[in-house]
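Reviewing the structure listed below.
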Ligand SMILES: Cc1cc2nc3c(=O)[nH]c(=O)nc-3n(C[C@H](O)[C@H](O)[C@H](O)COP(=O)(O)OP(=O)(O)OC[C@H]3O[C@@H](n4cnc5c(N)ncnc54)[C@H](O)[C@@H]3O)c2cc1C
């Protein structure tokens, strides 16, 4: 029997994960990537002896990675348990000592990071955040003793949200409004629908603790003031399965995934920009028949999965005549996530360097007001918060001897703003690096720096092809969550699917791996893949 062909547009982590699953479902799968290398947001910049991961650095839920590396050809295992069987007791870790399972270790070495984050406040005090409840309580007692009792209550609320929202519903594909309505009463009962910051503010009185327990959605493009409190689950996801790092950088993880895909028989084409998803009219139906590349080459296939930005996929790749839904209006109506300025820099080590951690969150003087400037007013404020990543603390091989490789990431408005990044980018980068130097995070940085480069929202728009330079797809907020988020199975064109951060369930590396599994399940169902291969019927709520 001839094997069916699948094309995946884009080699982001979600695209590669979906391609691995399609290959193991029995499709002959090809990834076509417009850039010269793989990874999308997880692209690697190698320059002057430094290796900079350009995007994701915080690895969570390592068993999602293990699941991908365990897949075999023609044995899709879509019915493997989505999560380890039980929620762990306090203090237990699923991966004592190391992170990756046996399959992962054949491709990449993943190690746990402690603390998860050091969170600096503007007054110089800091909070070391990890999974150990005794440590978390000690930090609260040091900084905000009045919030100790509130923390215990928040912890229980977050645990309940994690249990229902992640362990039980995490893999639910919300293909219809009915599927969403059926879970609403539970989410209301858990308080998971109110804004996260409101939930956190109920339990914590101090501004510092409110920031510590609400900032995390920013790492996936969510505004803590708007993102639904279901995102309190992130706290528990990290607590349960830890925060990890791929030795060699996230790029080493991406390279491992590509190797796995190729070992399963999949093929990869770089420098191959898709100009159009080809669609054929079949009676009243429209079906994807392949893609046309920018140079005019036609690649036929039985199904197409787009890992490109959701808005770009519909507005630029699918001809208007084939759209059943008014996508222009829908894209205008939807809110795109914030964007980022990311400054990559290498610097000489110096005796007596301050005691920074691998992951440092450096909060500015304002929180709610700054979030409003970024997400709503869309202005570049004079103050900023940042995430300073120094991976050479864990893996010195990422820089020449005696040097650190670092990046600092600053949330900024997407290109719906009036900011001219060509005009202000350099100056803003100077301001941020001067701040790190003068505030003593990296003293004398400007004298020690040997490499500096940066990206702005224009990179996300022009290079990665993200609508208005969004950093994380459509913004995660209640009206853009679950059923209300773009669907993984196109409603306009049959045999067209989407995967990645713009789709269900959302952004971040664990979510895009979940999205890959959800999309693969939809495909398995549509193509009536032999349940023997799938290992049971895919579970779908629709
Ligand atoms: C700076 C930064 C830091 C982050 N940090 C973290 C973190 O620490 N932890 C975490 O979990 N998440 C983090 N995230 C989020 C995470 O990186 C993303 O959610 C995830 O990597 C997105 O993957 P994706 O599969 O949606 O595809 P993307 O990475 O968006 O890739 C899409 C791919 O499609 C390609 N493409 C687009 N159009 C075409 C076309 N027409 N033809 C061919 N190819 C095309 C693009 O070139 C790109 O390679 C971070 C994101 C950023 C930007």
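The numbers here are math on the coordinates, done by the rules we state, and not lab data. Since the model is a prediction, treat every value here as computed from it, not as a measurement. Neighbour counts run over all protein chains shown; Cβ positions are idealised from the backbone, glycine included.
Give me the distance between the Cα centres of region 2-54 and region 247-323, rounded to whole Å.
Computed from Cα coordinates, the inter-centre distance equals 10 Å.
What is the distance in Å between the Cα centres of region 115-171 and region 382-430?
Cα centres, region 115-171 to region 382-430: 26 Å.
Run the paramagnetic zone check for residue 46: 7 angstrom along Cα to Cβ, then residues of region 1-39 with backbone nitrogen under 20 Å.
The answer is 11-13, 33-39.
Quickly work out the residue 368-to-residue 330 label distance, labels modelled 7 Å from Cα along the C-beta direction, and quote it in nm with one decimal.
Placing both labels 7 Å along Cα→Cβ, they lie 3.5 nm apart.
Modelling each spin label as a point 7 Å along the Cα-to-Cβ direction, I'd like the residue 3/residue 259 distance in nm, to one decimal.
According to this spin-label approximation, the distance is 2.1 nm.
Using alpha carbons only, how many angstrom separate the centre of region 454-475 from the centre of region 490-505?
Result: 19 Å between the Cα centres.
Report relative contact order for the chain in percent, whole number only (criteria: Cα-Cα under 8 Å, sequence separation at least 6). Each step should come with its number before you reach the end.
Values: 1126 pairs, mean separation 125.2, N = 542.
Here the relative contact order equals 23 percent.
Report the FRET efficiency, 1/(1 + (r/R0)^6), for residue 383 and residue 168, where r is their Cβ-Cβ distance and R0 is 45 Å, rounded to 0.05. All intermediate terms of the calculation are to be shown ahead of the outcome.
On the way: r = 40 Å, r/R0 = 0.90.
Computed FRET efficiency for residue 383 and residue 168 comes out at 0.65.
Please state the relative contact order of region 339-462 as a whole percent: Cα pairs under 8 Å, 6+ residues apart?
Values: 203 pairs, mean separation 50.2, N = 124.
It rounds to 40 percent for region 339-462.
Between residue 142 and residue 128, 0.36 nm times their residue separation minus their Cα-Cα distance comes to what? Write out the running numbers ahead of the final one.
Working: separation 14, 0.36 × 14 = 5.04 nm, distance 1.13 nm.
Result: 3.9 nm gained on full extension.
Ranking 180, 54 by Cβ neighbours within 10 Å, fewest first, what do you get? Present the calculation step by step, with values, prior to reporting the outcome.
Values: 180 17, 54 22.
Starting with the residue having the fewest Cβ neighbours, the order is 180, 54.
Roughly how large, in nm² to one decimal, is the mean projection of the convex hull of the alpha-carbon atoms in the chain? Kindly include the intermediate steps, with their values, before the conclusion.
Numbers: hull surface 95.9 nm².
Mean orientational projected area (the chain, Cα hull): 24.0 nm².
Ranked from highest to lowest mean number of other Cβ atoms within 10 Å per residue, what is the order of the peptides 387-394, 329-336, 405-412?
On the way: 387-394: 21.1, 329-336: 15.5, 405-412: 24.6.
Ranking the peptides 387-394, 329-336, 405-412 by packing returns 405-412, 387-394, 329-336.
Using just the helices of the chain, give the 222 nm mean residue ellipticity in deg cm²/dmol: DSSP H runs with n ≥ 4 each add -39,500 (n - 2.57), and the total is spread over all residues, rounded to 500.
Helix-only estimate at 222 nm: -8500 deg cm²/dmol.
When only Cα pairs under 8 Å and 6 or more residues apart are kept, what is the percent relative contact order across region 151-242?
Values: 85 pairs, mean separation 36.0, N = 92.
Worked out over region 151-242, it gives 39 percent.
Can you say what percent of the DSSP beta bridges in the chain, counting only those with both residues inside, are antiparallel? Round to 5.
Antiparallel bridges: around 70 percent, rounded to the nearest 5.
When all alpha-carbon pairs of region 384-529 are counted, what percent fall beyond 24 Å?
On the way: 5388 of 10585 pairs.
Here the tail beyond 24 Å accounts for 51 percent of pairs.
Can you give me the Kirkwood hydrodynamic radius for region 339-462, using every pair of distinct Cα atoms, in Å to one decimal?
Every distinct Cα pair counted, the radius reaches 15.2 Å.
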